[in-house]
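Since the structure comes first, as structure tokens, the remarks are kept for the end.
The values are calculated or read from the model by the stated rules, or taken from the named source; none is laboratory data. Predicted, not measured: the structure shown is a model, and the values here were computed from it. Note: ideal-geometry Cβ built from the backbone for every residue, glycine included; neighbour counts use all protein chains shown. Just so you know, the surface numbers come from the protein's heavy atoms only, side chains and all, with ligands and any DNA or RNA stripped out. Shrake-Rupley method; radii C 1.70, N 1.55, O 1.52, S 1.80 Å.
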Amino acid sequence: MKLPAITIPDRYNYIATFLTLNCNLRCSYCINRFSDLKAPGKMLSGKEWIAGLSRIVSRPDLPVTLGGGEPTLHPDFHEIVNGISEELNIDLLTNLQFDISRFKAEISPERIKRESPYASIRVSYHPEVMDLEALVDKVLNLQNAGYSIGIWGVLHPLHEAEVLKARDFCIGLGIDFRTKEFLGEYDGIMYGSYSYPGAFDKKGVKNVRCRTSELIIGPGGDVFRCHSDLYDGFSPVGNILDPDFYIDESFRSCERYGFCNPCDVKLKTDRFQVYGHTSVEIIR
Ligand code: SF4
Ligand code: SF4
């Protein structure tokens, strides 16, 4: 299946590919469940993902990021990584709860490696559901085999001390360990830094105009305006397998402001690790 090219606009900062929204862990603060995550619908096959993603024309510094859920749960995960056009760089977001022997046997370290200020395989550490030593063993194993890999820990108020201790432990072992702000509410306090406070307070909706700087592709190949639409299964703006699909950069009207996802409106670093970026621009 050969599809026309989709060129990523210069303004775009992220290509987020959700191979599946399923996960083998259940973190209490999972951002995918900020609202009521809809039951997963159609899931593209490996061949469909390869056809859809290989039509993307991007830049060396803007990889296709495979995430989820846990992307390695996709039954054709290895085929997808090896089948995507070699013109595209790949990053992987994972909880690393998979068989690393098969991973090492089937995926070359060179396929998920590029010049960047952070690791290409980014492992999330969740102390409430993971054993740190087992995770560290796997990370060191992959690192020693030549993979570009690092660990990220979320500074959730309940787990902050444990995450910081894990960071010191990992850095001492030569592992790149970074922390991420916790986004969302805990014990009546809202955590995170946002460009549009009130965008996700769920106190009512407001009509706005909005545009993103991310290509967000759901498990069925649907393209969404934002993470809130993706997780809520709200009307997609196209599909990666539609030959007529192109990236429309105009502001779209939205009647769901108030139910945005913190991911879209938070202040964060861009792909160059420069702080102050927000995924969406909203005109209220
Ligand atoms: S590992 Fe990630 S996707 Fe899975 S439940 Fe935890 S936070 Fe959510
Ligand atoms: S205003 Fe919020 S819900 Fe609407 S498209 Fe933008 S980020 Fe999504």
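Suppose we keep only residues that are outside any helix (DSSP H, G or I) and open to solvent by 60 Å² or more (accessible area, probe 1.4 Å) within the stretch 60-84. Which one would you say is modelled with the lowest pLDDT?
Of the residues in the stretch 60-84, the ones outside any helix (DSSP H, G or I) are 60-70, 74-76, 84.
When the remaining residues are screened for being open to solvent by 60 Å² or more (accessible area, probe 1.4 Å), the result is 60, 75.
Details: Pro60: 93, Pro75: 97.
By that ranking, first place goes to Pro60.
Of everything listed in (1) surrounded by 13 or more Cβ atoms within 10 Å (Cβ to Cβ); (2) at pLDDT 95 or above; (3) assigned to a loop (DSSP other than H, G, I, E, B), the single unmet condition for Phe200 is (2).
Name the single residue, out of those in the stretch 126-145 being more than 13 Å from Ile175 (Cα to Cα) and not hydrophobic (A, V, I, L, M, F, W, C), that is most open to solvent (accessible area, probe 1.4 Å).
Asp131
Could you please let me know if Tyr246 is within 28 Å of Arg59 (Cα to Cα), more than 16 Å from the chain's Cα centre (by Cα) and of a type in the set (Ser, Thr, Tyr)? First the steps, then the outcome.
Values: within 28 Å of Arg59 (Cα to Cα): yes; more than 16 Å from the chain's Cα centre (by Cα): yes; of a type in the set (Ser, Thr, Tyr): yes.
It is true that Tyr246 is within 28 Å of Arg59 (Cα to Cα), more than 16 Å from the chain's Cα centre (by Cα) and of a type in the set (Ser, Thr, Tyr).
Scanning the stretch 235-248 for residues that are away from ligand 2 (no atom under 14 Å from the Cβ) and in a loop (DSSP other than H, G, I, E, B) turns up Ile240, Leu241, Asp242, Pro243, Asp244, Phe245, Tyr246, Ile247. The conditions are (1) on the phi > 0 side of the Ramachandran plot; (2) open to solvent by 10 Å² or more (accessible area, probe 1.4 Å), and Leu96 fails exactly one of them. Which is it? Tallying (1) on the phi > 0 side of the Ramachandran plot; (2) open to solvent by 10 Å² or more (accessible area, probe 1.4 Å), Leu96 fails exactly one: (2).
The residue of the stretch 159-189 that is modelled with the lowest pLDDT, among those that are among the aliphatic types (A, V, I, L, M) and surrounded by fewer than 15 Cβ atoms within 10 Å (Cβ to Cβ), is Ile189. Could you please let me know if Tyr29 is within 16 Å of ligand 2 (Cβ to nearest atom), among the hydroxyl-bearing types (Ser, Thr, Tyr) and open to solvent by 20 Å² or more (accessible area, probe 1.4 Å)? So Tyr29 fails the test. Residues that are open to solvent by less than 50 Å² (accessible area, probe 1.4 Å) and of a type outside the set (S, T, N, Q) were ranked within the stretch 10-22; the one that is nearest to ligand 2 (Cβ to nearest atom) is Ala16.
As a summary of the residue check, Gly192 satisfies the conditions (1) under 22 Å from Tyr118 (Cβ atoms); (2) modelled with pLDDT under 95; (3) within 16 Å of ligand 1 (Cβ to nearest atom); (4) within 15 Å of the chain's Cα centre (by Cα) except for the one numbered (4). Taking the stretch 249-284 as the range and being in a loop (DSSP other than H, G, I, E, B) and within 16 Å of ligand 1 (Cβ to nearest atom) as the test, only Asn261 passes.
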